[in-house]
Amino acid sequence: MAGAKPSSRRRGEPDRTHSLTVTRPTLLIGQSDEAFRKLLYNFFTIANRMDEIRRYLGARIGVSGPQCSLMTAVAELQGSTGVSVRKVAAYLHVSGPFVTAESGKLAAKGYIHRRPDPEDLRVSLLRLSPEGRKALKSLLPELRQINDLFFDLESKEQFEMLCRTFDRLVETSRWALALVSLTARDDQLRPAMEQELKRR
């Protein structure tokens, strides 16, 4: 725009004059949030790529990406008696109604068996059917190759640090989402939530 002060930045260099998007000292390098913002963009890229791969794998066996994850979770948790909707929902960090709805669709496809819990008839227990086990098993060779490429880390220590970091982010992101939800419902609750976050 005419009359605007020329920028001293070289082409391709990030603009460091914008307002900070974080205030925690651990997230700032030299009073800049540039590394943090780059981390977020990388996060979005990784999440999108992972979701695309999940959709691809699901399509290979005729289900959606989330349904493929649901089948995998049931396989991991079912034991000898089956697993409850509540446990699957907690494991995947999704809602119980979501698991109920999607497991119903998988049951209609013949991939999952649902039966009442003998100890509590209000609870449904989920188990993979033989067809479901066969479908997941068919994905294993390709899944192993994809995972080995996707998580080509430099050391076991790096992998362990990644696990600890994501465990932490699952917990802290829950508080961030709670803040957003509370603010959307009632702005008067925001100060109390912010004080709680500062104490953490």
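The residue pairs whose first member lies in the stretch 124-148 and is closer than 15 Å to ILE53 by Cβ, whose second member is charged (D, E, K, R) and part of a helix (DSSP H, G or I), and whose beta carbons are closer than 9 Å, counting only pairs six or more residues apart or on different chains, are LEU139/ARG60; GLU142/ARG60.
In a residue-by-residue description of the stretch 161-174, the property of being in contact with a helix residue (DSSP H, G or I) (Cβ under 8 Å, 6 or more places away or on another chain) and on the phi < 0 side of the Ramachandran plot applies to no position. Looking across the stretch 109-134, the residues that are among the basic types (Lys, Arg) and at pLDDT below 95 come down to ARG114, ARG115, ARG122. The set of residues in the stretch 20-40 that are surrounded by 10 or more Cβ atoms within 10 Å (Cβ to Cβ) and in a helix (DSSP H, G or I) comprises LEU27, GLU34, ALA35, PHE36, ARG37, LYS38, LEU39, LEU40. Of all residues being surrounded by 10 or more Cβ atoms within 10 Å (Cβ to Cβ) and within 21 Å of ARG24 (Cβ to Cβ) in the stretch 181-191, which is modelled with the lowest pLDDT? Just the residue, please. Among those residues, the one meeting the criterion is ARG190. Residues of the stretch 83-135 that are basic (Lys, Arg) and part of a strand (DSSP E or B): ARG114, ARG115, ARG122, ARG127. Only a single item in (1) farther than 20 Å from LEU169 by Cβ; (2) assigned to a helix (DSSP H, G or I) is not met by VAL63, and it is number (2).
The values are calculated or read from the model by the stated rules, or taken from the named source; none is laboratory data. Small disclaimer: the values here were computed from a predicted structure and weren't measured. Reconstructed Cβ throughout: ideal geometry from the backbone, glycine too, with neighbour counts over all protein chains shown.
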